[in-house]
1. Is it fair to say residue 27 is farther than 29 Å from residue 102 by Cβ, under 41 Å from the mean Cα position of the chain (by Cα) and either modelled with pLDDT of 85 or more or exposed (fewer than 11 other Cβ atoms within 10 Å of the Cβ) (or both)?
2. Can you pull out the residues in the stretch 114-152 that are within 30 Å of residue 83 (Cβ to Cβ), of a type in the set (D, E, K, R) and in contact with a Gly (Cβ under 8 Å, 6 or more places away or on another chain)?
3. List every residue pair whose Cβ atoms sit under 7 Å apart, with the two residues 6 or more apart in sequence or on different chains, where the first one lies in the stretch 72-95 and is within 15 Å of residue 37 (Cβ to Cβ) and the second, anywhere, is of a type in the set (Val, Ile, Thr).
4. Give me the residue from the stretch 261-285 that is among the basic types (Lys, Arg) and crowded, with 17+ Cβ neighbours inside 10 Å and, out of that set, nearest to residue 65 (Cα to Cα).
5. Is it fair to say residue 223 is touching a strand residue (DSSP E or B) at 6+ places or on another chain (Cβ under 8 Å) and either on the phi > 0 side of the Ramachandran plot or modelled with pLDDT of 85 or more (or both)?
6. In the stretch 227-244, how many are part of a strand (DSSP E or B) and either surrounded by fewer than 11 Cβ atoms within 10 Å (Cβ to Cβ) or in contact with a helix residue (DSSP H, G or I) (Cβ under 6 Å, 6 or more places away or on another chain) (or both)?
7. I'd like to know if the stretch 71-89 contains one or more residues that are modelled with pLDDT of 90 or more, in a helix (DSSP H, G or I) and within 22 Å of residue 284 (Cα to Cα).
8. Looking only at the stretch 48-66, count how many residues are on the phi < 0 side of the Ramachandran plot and surrounded by fewer than 20 Cβ atoms within 10 Å (Cβ to Cβ).
Amino acid sequence: MTAKSVEYERLVRAIYGALLQQDSVQNIEVLHNTRLVGKSGATHQIDVMWRFSQAGLAHTVVVECKDCGRPREKSEIAEFKGVLDDLHGRPRGIFVSRSGFQDGALKFAAHHDIELMELRPPNDDDWNDELRGFRIKFHFRQRSYDVHGVTVDEDLARKILRERGVPKGTEISFTLPTYPGRDLDLYDIDGNPIGSLVKCLDRVTDVAEATIGSCRFDLPTFIKIAHPLLPLCPIKAMEFSYVVHIFENETQIDFKDLVKAVLKNVRDGTQIRFDHELRPRRVAKG
């Protein structure tokens, strides 16, 4: 027995163990590569066997696993039937193949009530009538600003300074507290936030390239400056340059990539798909 075959049998065991956990069964036992002595006295190697109790009745299922690149033949199903007939209690038989079954094997299994299952990776045909996946395309546009100048509302500034008793002729200088990539908050005369420079400029700029421009304020607008005599400085306009950065990203999700294995009932076409955590999802196929 090859290492690949053993790995396939262990996957089958894990799959059926996961299925049993979903059903109302008790006393579950799933064994891999065990040996049973038949009624004839012959010893049979069993790939996977599981026993459980349901509604007070004991059940035994024997699973034969074939991990091979060709469809299974009638002779292999007949040989498996011989093993089932020799075992005590005539357990139910399930033959699992990665690559399907020949027509003779299908007819023989149906006549002798042997379940045929495919256990394999997902393929494109599994999604013939279903949504295969989806694609999401992200488009981001971000502006970065650099303020070059501020037009102070001198009349309003003088009025505020007079009301505060600041002597006429007092010189006030300040450095604009902004630099590329940083926003600048805007306030009303009472110091309440009314927006930001970026939000204001976003309303007056709508191009996808580097440019320069200005933004004028119709209502009294103030910025905070580091000066004790005029902590809120009234402004009329700002001159700026900006660059629009465009970022695009695309994400594609293929549902097939989310499935580790498909267990297909060959007789009726129904499927159980298992994710990479071996959590099952039943799918009806027409």
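The values are calculated or read from the model by the stated rules, or taken from the named source; none is laboratory data. These numbers were taken from a predicted model, which means no experiment stands behind them. Here Cβ is always computed from backbone atoms with ideal geometry, including for glycine, and neighbour counts include all displayed protein chains.
1. For residue 27, the condition - farther than 29 Å from residue 102 by Cβ, under 41 Å from the mean Cα position of the chain (by Cα) and either modelled with pLDDT of 85 or more or exposed (fewer than 11 other Cβ atoms within 10 Å of the Cβ) (or both) - is met.
2. The answer is 115, 118.
3. Correct list of pairs: 84/62; 87/62; 89/60; 91/60; 91/61; 91/62.
4. 264
5. Judged against the criteria, residue 223 is a match.
6. 1
7. no
8. Of the residues in that region, 9 qualify.
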